[in-house]
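Below you'll find the structure, written out as structure tokens, and then a few comments.
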Amino acid sequence: MKLRIATLLLLTTLLTACNMSLAEDVTPPPGYVPPTPMPTLALVPPQTPNIANGAAIYMEKCAACHGATGMGDGPQGIQLGVTVPAFALPEIARPASPAAWYTVVTRGRIERFMPPFASLNDQERWDVVAYIMSLHTSEEEIAKGKELFEANCADCPLDYFKDPARMAGLSTVALARIVRLGNEEIPAFGENLSDEEMWAVAEYLRSLTYTTETAQTEPTPSPQPQGTPVSASPSAVSAEAGTPSAAETPEGTEQAPVTPEATPVVIEGFGTVRGSIENRTGADLPEGMTVTLRGFEHDFANPNAGTQEVLTLEGTVASDGTFAFENVEMPENRIFLAEVTYGGIELSSEFAIVQAGQTAVELPPLVLYGVTDDTSVLAMDELNLFLSVENETAYQILAMYTFRNPSEKIVAVSMGSQQEIPFLKFPVGAEGLGYEAMQDSARFIGTADGFAMPPSEQPYGLLAFSSVTPAKEISLAQPLTLAVNTVRIFVPEGMEVKGEGITKDAAQNIQGMNYQAYTASGLQAGSTLEFTISGAPKTASSADTAFTRNTTLLIGAGGLGVALILAGAWLYLRDRKRTEEEEAAEEDEEDEEEEFESSEDVMDAIIALDDLHRAKKISDEAYQKRRAELKEILKDMMG
């Protein structure tokens, strides 16, 4: 238990950088940079951003904090206690690139109370970014900039400034630098321009990357498919294959017959991805259920690279629950998974990774469950409460909940307008701050108004943060909506906990600080654990800052499962690469111990192996054999 608690405490230090979409709630391997929260950050707009649509989105989603005119003076923003960026100020807007602000809109900035806007699709986020970047300028300034550009750089290629990939990464400051100093493709033409004129030209060049037409944003198109769903209609197949449809066939030309049964053209480097739905709902599959195939790539050679989505295809699930996508590009190590939506919840299959030369991929079955909002089916195993006294004006309470979903249904949790988890209550006498997923938790699924938990052998874990005013004696009452097997309370050494049914346990040194533990057991659903905390801590330690949090935003929706699955894929690839290196080493008659530079490396390998076995990616026999080998290596290193 001591090791487990120490591990949990160490994990809490990572939470400041996590956004509340749970996109990174998996224990990462050493040196691992988490995959980009979904939707993945392809930093190029799918189509030209529309600032008219962006304005509508801004007023709905952003104005409450950033202000109607972008001055950072929204009524909600004023209450946050942090400075909200004023987009309408040139000194704020000019140094930022569209890609940087798109990243913030997508990932959020949780340390400043900004959530990730998973409710917006990719195009909508680019639209609102384009609108944000227009708030500090005016039509008059842009018109003036156009006039100056045409007068001073008539031969300059406008295509350079219309390239969405290039312009997404350039700030207005960078554009002004090009105006003044030029670069390899654009000659310097702004030497004689005043600063005001230089900025006007830069704003005009920025305006070339978006449209101001008032139009409804079209649904974000999927990337150009590199494969064809078997269930696609004949006309769709013919169009993607380059065969004219009936509407496009020149008059008098007989149209070549196209049937769904036609044998697909096999192209080198391409293949078929197949999968199936395992229906545990107790009802028939919905007719015409849509399945989405997603492909991802990760630069394994670059530890700082994120995982990027490179393929999105849609097809239809057959009545027997099977689906297939033909002519899909299959480079080695591409990661595939499938998604469906059922009962308003997006469900993902486990991943499959392409082997060298592979032309057919079989995805693990995607399991469908019934959906319930009855949280009483959850089984709460334990609750650990930690008191942090590092902040003298407000003590922090960290509650670690560990529970399971032993039912045969997905439990959907609505957090409501108050953004509260109904089955996790903050202590009475403390102020609730927010929640976070524990990094060793089973995978949560984001929903429109909360999250969902499929049946899982792996426990779920949630952290609840709250604060309490320091006093000589602090009275708290912890409501328990679910029955709890064990509650443990940890306070800094020198402080004491008293309450009915609470017994003193052993003291523990956790991350360099001494804590006194107290225990209560067998608490019933609907009961309340009442206790007092008194005394003063002997010493404070920097390690205690692990508990200090300013989080008020809660778990949001979107893409959680995919991120966790991709993290598992990364581990799988890493382990596979290590295995290949081991085989090469054996061929060269090198000692196996040379694979590892230190005992910490061996421990990392054991952890990765355990992850693979837990995810059922390797057989029990291979797992036991390899683990025994690693333990022997570790034993030899430890002497």
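The values are calculated or read from the model by the stated rules, or taken from the named source; none is laboratory data. All of these numbers come straight from a predicted model, not from anything done at the bench. FYI the Cβ positions are ideal-geometry reconstructions off the backbone, even for glycines, and counts take in every protein chain you see.
Any residue at all in the range 484-501 that is in a loop (DSSP other than H, G, I, E, B) and either within 30 Å of Pro115 (Cβ to Cβ) or of a type in the set (Ser, Thr, Tyr) (or both)? The answer is no, given that none of the residues of the range 484-501 is in a loop (DSSP other than H, G, I, E, B) and either within 30 Å of Pro115 (Cβ to Cβ) or of a type in the set (Ser, Thr, Tyr) (or both). Kindly evaluate Gln396 against the criterion of being over 30 Å from Ala352 (Cβ atoms), assigned to a strand (DSSP E or B) and modelled with pLDDT under 90. The answer is yes for Gln396.
Here Gln458 qualifies as of a type in the set (S, T, N, Q) and under 21 Å from the mean Cα position of the chain (by Cα). Taking helices (runs of 4 or more DSSP H) as the structural unit, those lying wholly within the range 86-136 and holding at least 1 residues that are of a type in the set (Asp, Glu), modelled with pLDDT of 85 or more and crowded, with 23+ Cβ neighbours inside 10 Å correspond to 122-132.
Screening Ala168, Ala143 for residues that are at pLDDT below 90 and either touching a Lys or Arg at 6+ places or on another chain (Cβ under 7 Å) or of a type in the set (A, V, I, L, M) (or both) leaves exactly one candidate, Ala168.
Residue pairs whose Cβ atoms lie under 6 Å apart, sitting 6 or more positions apart in sequence or on different chains, and linking a residue in the range 506-521 that is assigned by TED's automatic domain parsing to the domain that holds Ile533 to a partner that is of a type in the set (Ser, Thr, Tyr) and modelled with pLDDT of 85 or more, are Gln508/Tyr515; Thr519/Thr503; Ser521/Thr486. Within the range 276-292, which residues are hydrophobic (A, V, I, L, M, F, W, C) and touching a strand residue (DSSP E or B) at 6+ places or on another chain (Cβ under 7 Å)? Residues satisfying the conditions are Ile277, Leu285, Met289, Val291.
Take Asp320 and tell me if it is more than 30 Å from Pro459 (Cα to Cα) and either among the aromatic types (Phe, Trp, Tyr) or not assigned by TED's automatic domain parsing to the domain that holds Lys425 (or both). Taking the combined requirement at face value, the residue satisfies it.
Can you find a residue in the range 64-77 that is of a type in the set (A, V, I, L, M, F, W, C), more than 21 Å from Ala448 (Cβ to Cβ) and either more than 21 Å from the chain's Cα centre (by Cα) or at pLDDT 50 or above (or both)? So that I can check it myself, show each step before the final result.
We begin by selecting, within the range 64-77, every residue of a type in the set (A, V, I, L, M, F, W, C); these are 64-65, 68, 71.
If we keep only those that are more than 21 Å from Ala448 (Cβ to Cβ) too, we end up with 68, 71.
Now drop any that are not either more than 21 Å from the chain's Cα centre (by Cα) or at pLDDT 50 or above (or both), which leaves 68, 71.
Yes, the range 64-77 contains a residue that is of a type in the set (A, V, I, L, M, F, W, C), more than 21 Å from Ala448 (Cβ to Cβ) and either more than 21 Å from the chain's Cα centre (by Cα) or at pLDDT 50 or above (or both).
Residue count for the range 267-294 under the criterion of being of a type in the set (Asp, Glu) and part of a strand (DSSP E or B): the result is 1.
Just to be sure, is Glu339 outside the structural domain of Gly432 (by TED's automatic domain parsing), closer than 29 Å to Val44 by Cβ and within 20 Å of the chain's Cα centre (by Cα)? Answer is yes for this residue. When the range 418-442 is limited to residues that are surrounded by fewer than 22 Cβ atoms within 10 Å (Cβ to Cβ) and among the charged types (D, E, K, R), the one that is nearest to the chain's Cα centre (by Cα) turns out to be Asp440. When only residues in the range 350-362 that are buried (at least 20 other Cβ atoms within 10 Å of the Cβ) and not β-branched (Val, Ile, Thr) count, which is modelled with the highest pLDDT? The selected residue is Ala352. Among the numbered conditions (1) within 15 Å of Ala88 (Cβ to Cβ); (2) in contact with a strand residue (DSSP E or B) (Cβ under 6 Å, 6 or more places away or on another chain), the only one that Asp127 does not meet is (1). Cβ-Cβ contacts under 8 Å between residues 6 or more apart (or on different chains), taken from a first residue in the range 473-498 that is surrounded by fewer than 19 Cβ atoms within 10 Å (Cβ to Cβ) to a second residue that is of a type in the set (Lys, Arg), are listed as Pro479/Lys425; Thr481/Lys425; Glu493/Lys538; Gly494/Lys538.
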